[in-house]
Every structure is written in structure tokens, then in C-alpha cells.
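Report on the following structure.
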Amino acid sequence: MAELAGTTDRRIDALLTLLAENSTIVVSGAKIAEEIGVTRQQVWRWIEKLRALGVRVKGHPRTGYHIERVPDILVPQLLSHRLRGTSFSRRIHHFFKVDSTNSVAMGLGEAGEPHGAVVVAEEQTAGRGRAGRRWTSEKSAGIYCSILLRPSIPPSQAPLLTLLAGLAARDAAGDELDARPDIRWPNDLLADGRKFGGILTEMRAEPDRVHYAVIGIGLNVNQARMPADLAEIATSLRIETGKAHSRLEILVRLLRALDHYYNQFLAQGAPPVLRRFAEVSSYFEGKRVRITTAAESFTGVTAGLEPSGVLRVARDDGRGIEPVLSGDVAEAS
Ligand code: BTN
């Protein structure tokens with residue numbers, strides 16, 4: 001596989017995997033060097049680099065090394081091992097720092113990268129949210145991940161990809177929370193009314209077919225607090241539960257669930273996605289909402305989804321059912 005500029009050196013990945021898999025024993029510098037195929041001096045330099053990143057490695061070249069605490073880094077080798085049997089195990093691109101995983105994945109899509117490629121980052125310097133908003137991406141606190149899909153569908157069905165990604169993210173994060181999370185159409189993940197996850201779908205398409213779609217998923221996991229301007233409306237799994245969570249475990253569950261929902265969608269079409277959304281989202285039906293689109297703002301009551309995933313809202317002003325393709329949805333009193 002061609003190396004992408006800025007991705008984590010595969011041999012650092014191998015070093016971390018080796019240390020993490022042998023966390024209870026001391027592994028000599030010579031053995032590590034032999035296994036990875038570099039010099040002992042290089043091993044030493046990389047160990048120093050990992051320490052600078054907060055990985056607690058004990059020991060030195062003569063006695064050998066061992067890891068004191070398995071780091072919660074989204075190491076591609078560990079991920080790919082756990083994702084065997086899904087579409088997402090083969091091409092995982094990891095960055096310690098990147099502008100936006102969605103931008104990288106769109107570039108990969110343009111360059112012909114195959115279906116199923118995954119881009120993950122420990123930190124984003126220009127994380128993007130829906131409607132041109134920014135996505136705060138604190139280092140190693142959240143999950144910042146983009147998945148490249150090449151479905152044979154018309155663009156009109158693309159909203160269903162966003163919905164099914166939201167379902168997968170909800171399943172994965174839900175296991176960490178006492179109360180199951182809600183989904184605010186189309187894909188805001190809410191814990192106790194505050195948002196801890198969102199999805200940005202981007203694609204290149206012609207009128208009748210999607211060339212590729214990128215599903216960008218951001219989950220606030222271990223943020224101890226949210227930036228002051230977001231604290232009222234945003235939260236993290238750690239803030240909700242008072243404890244730290246394994247990003248690696250959550251991401252593995254998320255990608256496995258995404259594989260399941262995506263294959264189900266290809267085999268059976270929209271109905272299972274819509275049924276599941278109806279089961280888990282309080283916004284599906286009967287919720288009073290304010291809708292804000294580029295053109296207008298109005299209130300009404302949600303009335304289910306169209307087969308394409310578009311939200312139906314019965315307007316308060318008597319103008320009947322409005323299909324909402326995009327826009328902000330807020331609970332209204
Ligand atoms: C939203 O506004 O709710 C969507 C947020 C999506 C954020 C994710 S983080 C990984 C991926 N890369 C980005 O730049 N954005 C998405």
C-alpha cells in the first residue's frame with residue numbers, strides 16, 4: 001500500500017503493537033530491533049518519541065522495555081486485527097495530527113483508494129462539522145475517523161448512509177453509558193440532551209450515481225470538559241460517566257456495527273435502517289421541533305421519515321407536511 005504523507009510510520013505502529021501485546025514482560029531492545037527490522041538505536045529513538053506522546057514505557061536498551069499502561073492510541077495493527085472479517089480491516093491510515101480526516105479520505109477517494117479505507121487521527125487541527133461549523137478535536141480525547149465507501153446507489157439514497165452510520169455510532173457508544181443515547185435527526189448523538197457525537201457525510205456523485213462517499217464520525221470520549229462556548233450543548237462519555245473509556249474498543253465496535261448496517265442496507269435497502277431509526281430516535285415521530293434551513297425557520301411536529309431518509313415535519317402554520325432534506329433540528333417547547 002502506498003504511504004500517505006504524514007501517516008504514522010508503520011514500524012512505530014509495529015513497535016507499539018509489540019509492546020502492547022507483551023505489556024507484562026520485558027522485551028529486550030535487540031529482540032524488538034530484530035522483529036521490526038531496524039537498529040537498536042532506532043528502537044531507542046522511537047521509544048523516546050512514544051514517551052513524548054505520553055506512552056509510559058519503562059526500561060532502557062540494555063535491560064529491555066515494557067509498557068506500564070497499554071496506551072489508548074488507535075494503532076492500525078491492533079484495529080485491523082480486531083476488524084478481520086469486515087470491510088474495514090485492510091487499509092487503515094493513522095495520523096498523530098492532521099487537518100481533517102474527511103479531507104484526507106476525500107483525497108483518497110479521488111485517488112482511487114478502494115472501498116473500506118479508514119482514516120483515523122489522534123488530533124485534528126481543522127476538524128469540520130456540518131453546515132461549515134468546526135469540530136473541536138482535542139488530542140487523543142475523542143474519536144476522529146472517516147470511512148471511504150463506494151456504494152452503487154444514486155445520490156438520493158446517500159442520506160441513508162448518514163443514518164446508518166449514526167445507528168452504528170450509537171450502538172458503539174451506547175454500551176458505555178447507563179442510559180441509551182438518543183439520535184437527533186439526522187445523526188447527532190445525544191446523552192441527556194447534550195451532543196457527544198456527530199457525522200459529516202461528503203461525497204462525489206453524478207446525478208444518477210455516487211462515485212464515493214466519506215462518512216466522517218466524531219465522538220467525544222475522554223474530554224474532561226468541553227470548551228466554555230460548547231459546555232451547555234456538548235458533552236463527552238467521560239463527563240457523563242465520570243470515568244475514562246477505551247477509544248480503541250469503541251472504534252472497533254463502531255466499525256463492526258457499521259459493517260453490519262451497511263451490508264444489511266445493500267441487501268435489503270432502506271426499510272431496516274428506517275425501522276431501527278424509529279426504534280432508537282425520539283425525534284422520529286411526535287416531537288415538537290424548530291427547523292432552521294438556509295431558506296427559513298419554522299416549528300412543527302415530526303412525522304416519520306421518507307424512504308430516502310428525509311425527515312417529515314407537520315408544520316404548525318397549517319401548510320401541511322414539509323420534507324426536510326437538511327438543516328438544523330432543535331427541540332421546541
Ligand atoms: C457534526 O457537525 O455533527 C458532524 C461532525 C463530524 C466530525 C468528524 S471528526 C472526523 C471527521 N473529520 C472531520 O473533519 N469531520 C468529521
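Structure notes:
- Cβ crowding within 10 Å ranks Ser281, Ser326 as Ser326, Ser281, fewest other Cβ atoms first.
- Crossing angle, helix 101-110 versus the chain [Cα axis fit, 0-90 degrees, rounded to tens]: 90
- Dimensions of the chain along the principal axes, based on C-alpha atoms and rounded to the nearest Å, stand at 79, 43, 30, largest first.
- Selection of trypsin sites (Lys or Arg not before Pro), the stretch 77-179, meeting DSSP coil and at most 16 other Cβ within 10 Å: Arg84, Arg90, Lys97, Arg133, Lys139
- Tensor-based shape of the stretch 175-326 (alpha-carbon gyration tensor, a/c under 1.5 rounded, otherwise prolate or oblate): oblate
- Extension gain, Arg180 to Lys58, is 40.0 nm, computed as 0.36 nm per intervening residue step minus the present C-alpha separation.
- Gaussian network model of the chain, Cα within-10 Å springs - most flexible of Val252, Val26, Val120: Val26
- At R0 = 51 Å, FRET efficiency that the Cβ-Cβ distance of Arg45 and His115 yields, to 0.05: 0.90
- Exposure proxy ranking, count of Cβ atoms within 10 Å, fewest first, for Ile25, Ile239, Ile67: Ile25, Ile239, Ile67
- Look at Arg319, Arg247 and count the other Cβ atoms within 10 Å of each Cβ; fewest to most, that gives Arg319, Arg247.
- Unsatisfied cross-links (Cα-Cα over 23 Å) in the set Lys49/Lys243; Lys49/Lys195; Lys49/Lys139; Lys31/Lys97; Lys58/Lys97; Lys31/Lys139: Lys49/Lys243; Lys49/Lys195; Lys31/Lys97; Lys58/Lys97; Lys31/Lys139
- C-alpha center-to-center spacing [the stretch 157-234, the stretch 19-97] in angstrom: 30
- ³J(HN,Hα) computed for each position of the stretch 306-321 - Karplus, 6.51 cos²θ - 1.76 cosθ + 1.60, integer Hz, glycine/proline x: 6, x, 7, x, 5, 7, 9, 10, 7, 5, 5, 7, x, 8, x, 7
- Derived scalar couplings ³J(HN,Hα) [the stretch 86-92; Karplus, 6.51 cos²θ - 1.76 cosθ + 1.60; whole Hz; x for Gly, Pro]: 10, 6, 10, 8, 8, 10, 10
- Karplus 3J(HN,Hα) series, Hz, for the stretch 38-52 with 6.51 cos²θ - 1.76 cosθ + 1.60 (x for Gly, Pro): 9, 7, 5, 5, 5, 4, 4, 4, 5, 4, 4, 5, 5, 4, 4
- Gaussian network model of the chain, Cα within-10 Å springs - most flexible of Val98, Val57, Val118: Val57
- Calculated [222 nm] ellipticity per residue, helices only, for the chain: -9500 deg cm²/dmol; basis is -39500 (n - 2.57) per DSSP H run with n ≥ 4, divided by all residues, nearest 500.
- For Ser80, neighbours were defined as the other residues whose beta-carbon sits under 11 Å from its Cβ, and their charges (Lys and Arg +1, Asp and Glu -1) total +3.
- Highest-fluctuation residue, Asn187, Asn22, Asn102 considered, GNM on the chain with Cα pairs under 10 Å: Asn22
No value in this document is a laboratory result; all are computed from the given coordinates. The model shown is predicted, which means the values in this text are computed figures rather than measured ones. In this analysis, Cβ positions are derived from the backbone assuming ideal geometry, glycine residues included, and neighbour counts consider all displayed protein chains.
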